[in-house]
Each structure stands twice: as C-alpha cells, then as structure tokens.
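First comes the structure, then the notes that go with it.
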Amino acid sequence: MGFDFRDTDVYRLSLEYRKAIKKILSENKVDRDIADQIRRASSSITLNIAEGFGRFHKAEKRHMYVTARASINECVACADIIFDAKIPDDFLRVSEMLAKMLSGLINKFKD
C-alpha cells in the first residue's frame, strides 16, 4: 500500500505552510485562542488533503479538498487578526498558491 499523497506538490506545500505558521507563532505574541485556531486550521489542510487521496468516490475526494481550501481561508483570517490586517506578502502568496492547487483538485473531481 502506498501513500501517493506524500509525493504530491500540494501535500508538500501544505506541510511547508504549517511550518510557516509555526514560525509566525514563535516570532509573534499571539492570543492563545487564535494560536490554537490557526494551528488546527493549518493541520486540517494537510490532513484533509491526505484523506481526500484515500477516498474512493469523486464526490468524497472533492469534499475533502473543499474542506482543506476552506481551512486556508481560516488561516488567512487568523493571520489578519495576528498581524492587524497587515499580513506579510510571502504568507499571502503561499496561501494563494495552495488555494489554487486545491481548486485544481476540486475541479478535477467535479461530477
């Protein structure tokens, strides 16, 4: 049994995204509730990508990728709170790239 999702660019980027969020949290004073929320949202991205790859039916796969993409929006909203709406451009670029990759997967599995 292979874990093909580990070889995909979208999965690898989601892991890098989590690392970037960990770095943001370590370098900034962040309210504990927001820190917990962004940690959970960033984990949700990675976990839903992996779960989507494991689903058999197109609709199930698509649902997991939609959920992962929604978690990116949640991370950006948390970053807005952390940075008082002045999010670093590099974080926004990676967020957008990851969202576009997930949109590609979502479109691939439309009925």
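Every number here is computed from the coordinates shown, using simple stated rules; none is lab data. Quick caveat, the model's predicted, so the values are computed rather than measured. All Cβ positions, glycine included, derive from the backbone under ideal geometry; neighbour counts span all protein chains shown.
Please list, by residue number, everything in region 1-40 whose backbone N is under 15 Å from a paramagnetic label point 7 Å out along Cα→Cβ of M97.
Residues 8-21 fall inside that zone.
Given the options A35, A59, A50, which has the most mean-square fluctuation in a GNM of the chain, springs set between C-alpha atoms less than 10 angstrom apart?
Of A35, A59, A50, the most mobile in the Gaussian network model is A59.
Each residue of region 76-85 in turn: what ³J(HN,Hα) in whole Hz from Karplus with 6.51, -1.76, 1.60 and θ = phi - 60°, glycine and Pro shown as x?
Working through the residues one at a time gives 5, 5, 5, 5, 4, 5, 4, 9, 6, 6 Hz.
Where the only charges are on Cβ atoms (+1 Lys, Arg; -1 Asp, Glu), what is the dipole of the chain about its Cα centre, to the nearest 20 debye?
Working: 20 positive and 17 negative charges, 60 e Å.
Using Cβ point charges on Lys, Arg, Asp and Glu, the chain gives about 280 debye.
Could you tell me which residue out of F83, Y17, F5 lies farthest along the dipole of region 4-108 toward its positive end? Charges go on the beta carbon: Lys and Arg +1, Asp and Glu -1, centred on the Cα centre.
Of F83, Y17, F5, it is F5.
Please rank I106, I38, I82, fewest neighbouring Cβ atoms within 10 Å first, as an exposure proxy.
Listing I106, I38, I82 from fewest to most nearby Cβ atoms yields I106, I82, I38.
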